[in-house]
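Notes follow the structure.
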Amino acid sequence: MKKYVLYFVLFLSGISQVSAQADRFIPKMGFMYEFFTLMPEDTTYQQIIANSQNGSSQIFVPYYTFMIGTYYMLAHKNDVVSVGVDGAIQGGINFTGGGISYQAQVPLFLMGRLGSGATSYNQQKIGLGLGLGAQTSYLNEKRPFVYNSESPKKIFGFIPSAIIEATIQQGGGHLTGRIHFPLMMQRTKITQLNNPIANSDYWKVGNFGFGLIYGF
């Protein structure tokens, strides 16, 4: 009997801790338009791509994605300025000539916020957010790059990024416009099936995105 009483006390304690932390979270959801920039390191392959698409040796891969996440406030000053962690998961699909491509991302940023959206209690109309972090991405890309290769290209990217946000209070929530951009391109391996010319399977990958997010 004592064991069950102890479990019950621990359960109530856990609920109390969650309730005490609830006002530190600002849940959100929205849509992002993501661009991935892919450029092979092999110079011969760069030239082949450039010849096939009007001089550019980079391949651009766009995705419409749906996001769900939260901002967790670590510290604040009078509910006007805050510092916290912004994390989310997002994913999208793309219908291409090679079939259905899909991607998944986990953006994670250390953020500073001013004004609207700084905390769940802030009532200001306008806010600003700045952050540094990374966009971790996985793509299963079936579009043909060169030679009409429609075999899946599994692409992983951990891309250091910066983020800028502008927020407007909307009723009981916040509407945020977000832009993120890479601080550097990541070097990753993308095996090119049906490609006998390239001497290297390594590519540079970047990621730029923008969208609208609603915080509750």
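Brief remarks follow.
- Among the residues making up region 108-163, those that are open to solvent by 80 Å² or more (accessible area, probe 1.4 Å), within 19 Å of Leu212 (Cβ to Cβ) and of a type in the set (A, V, I, L, M) are Ile126, Leu128, Leu130.
- Count of residues meeting criterion [out of contact with any strand residue (DSSP E or B) (no Cβ under 9 Å at 6 or more places or on another chain), more than 21 Å from Thr188 (Cβ to Cβ) and of a type in the set (Ser, Thr, Tyr)] in region 35-67: 1
- Filter pass, Phe109 being assigned to a strand (DSSP E or B), closer than 16 Å to Asn207 by Cβ and modelled with pLDDT of 95 or more: yes
- Among (1) in contact with a Ser or Thr (Cβ under 8 Å, 6 or more places away or on another chain); (2) in a strand (DSSP E or B); (3) touching a residue at least 60 places away in the same chain (Cβ under 8 Å); (4) of a type outside the set (Lys, Arg), the one test that Ile49 misses: (2)
- Any chance Ala75 is farther than 19 Å from Phe210 by Cα, in a strand (DSSP E or B) and either open to solvent by 30 Å² or more (accessible area, probe 1.4 Å) or out of contact with any Phe, Trp or Tyr (no Cβ under 6 Å at 6 or more places or on another chain) (or both): yes
- Checked against the criterion of being in a strand (DSSP E or B), aromatic (Phe, Trp, Tyr) and free of Cβ contacts under 8 Å to residues at least 40 places away in the same chain, the candidates Tyr102, Tyr63 yield just one match: Tyr102.
- Residue, least open to solvent (accessible area, probe 1.4 Å), within region 78-99, restricted to residues that are closer than 28 Å to Tyr45 by Cβ and not in a loop (DSSP other than H, G, I, E, B): Gly92
- Top-ranked residue of region 31-72 - restricted to ones that are surrounded by fewer than 16 Cβ atoms within 10 Å (Cβ to Cβ) and of a type in the set (Val, Ile, Thr), ranked as farthest from Thr119 (Cα to Cα): Thr44
- Residue in region 163-178 that is outside any strand (DSSP E or B) and modelled with pLDDT under 95 present: yes
The values are calculated or read from the model by the stated rules, or taken from the named source; none is laboratory data. On a predicted model such as this, the values are computed, not experimentally measured, just so you know. Positions of Cβ are backbone-derived with ideal geometry, glycine not excepted, and every protein chain shown enters the neighbour counts. When the accessible area is computed, the model is the full protein with side chains, heavy atoms only, and any ligands, DNA or RNA have been set aside. Shrake-Rupley method; radii C 1.70, N 1.55, O 1.52, S 1.80 Å.
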